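Undergrad: Starting off with a structure, shown below.
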Amino acid sequence: MALTLDTAQKMIAAARAKGSEMGFNPLTVAVLDAGGHLVALAREDNSSTLRPDIAIGKAKGAISMGIGSRALGARAEQQAYFVQSINALSNGSLVPVPGGVLVKEDGKIIGAVGVTGDNSDNDEIAAIAGIEAVGLVADGG
């Protein structure tokens, strides 16, 4: 299944709803397809201006490495030079902290959701809620 705009917008709405329900700071949510291309993005009111780049970077890191950004962050702690090299190869666009979650269907990666705005653990909670709301499988690493 390809990740459609309609599905991406539903994921964004569910992630934002989870953030609102839990009292998170304003969130920015990005949805990328399996090729790492932006499908949809929403930046809540009062979310800072760099947040879209951070959300995309979390999702892009997950897609690019095939692991959730939580796992990418753990790898960065163990292999800092390797992850920095990967980040350099991607023009500094990877953000290796929780909040970038792979979207899977039938075991295949079909995209990723990146969320930023609150602490990274809460960002990941919102991303997972968005993915699961549309019946897909979330893999944060």
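The values are calculated or read from the model by the stated rules, or taken from the named source; none is laboratory data. Predicted model, so just to flag it, every value in this text is computed and none were measured. Don't worry about glycine lacking a Cβ; one is built from the backbone with ideal geometry, like all the others, and counts go over all protein chains shown.
Undergrad: Hey, any hits in segment 80-98 for a residue that's in contact with a Leu (Cβ under 8 Å, 6 or more places away or on another chain), within 20 Å of ALA40 (Cα to Cα) and not in a loop (DSSP other than H, G, I, E, B)?
TA: No, that holds for no residue.
Undergrad: Among the residues of segment 35-68, write down those that are closer than 21 Å to VAL134 by Cα and either in contact with a helix residue (DSSP H, G or I) (Cβ under 7 Å, 6 or more places away or on another chain) or of a type in the set (Phe, Trp, Tyr) (or both).
TA: Answer for segment 35-68, where residues must be closer than 21 Å to VAL134 by Cα and either in contact with a helix residue (DSSP H, G or I) (Cβ under 7 Å, 6 or more places away or on another chain) or of a type in the set (Phe, Trp, Tyr) (or both): GLY36, LEU38, VAL39, ALA40, LEU41, ALA42, ARG43, GLU44, LYS58, ALA62, GLY68.
Undergrad: In segment 36-80, which residue that is farther than 16 Å from GLY141 by Cα, among the β-branched types (Val, Ile, Thr) and in contact with a strand residue (DSSP E or B) (Cβ under 6 Å, 6 or more places away or on another chain) is surrounded by the most Cβ atoms within 10 Å (Cβ to Cβ)?
TA: ILE56
Undergrad: Within segment 69-92, is there a residue that is within 13 Å of the chain's Cα centre (by Cα) and free of Cβ contacts under 8 Å to residues at least 24 places away in the same chain?
TA: no
Undergrad: Any chance you could count how many residues in segment 1-34 are buried (at least 21 other Cβ atoms within 10 Å of the Cβ), of a type in the set (Val, Ile, Thr) and either outside any helix (DSSP H, G or I) or touching a helix residue (DSSP H, G or I) at 6+ places or on another chain (Cβ under 9 Å) (or both)?
TA: Residues in segment 1-34 being buried (at least 21 other Cβ atoms within 10 Å of the Cβ), of a type in the set (Val, Ile, Thr) and either outside any helix (DSSP H, G or I) or touching a helix residue (DSSP H, G or I) at 6+ places or on another chain (Cβ under 9 Å) (or both): 4 in total.
Undergrad: Hey, any hits in segment 106-121 for a residue that's in contact with a Phe, Trp or Tyr (Cβ under 7 Å, 6 or more places away or on another chain), on the phi > 0 side of the Ramachandran plot and crowded, with 17+ Cβ neighbours inside 10 Å?
TA: yes
Undergrad: Looking at VAL101, VAL137, VAL97, can you tell me which residue is under 16 Å from the mean Cα position of the chain (by Cα), buried (at least 20 other Cβ atoms within 10 Å of the Cβ) and modelled with pLDDT of 95 or more?
TA: On inspection, the qualifying residue turns out to be VAL101.
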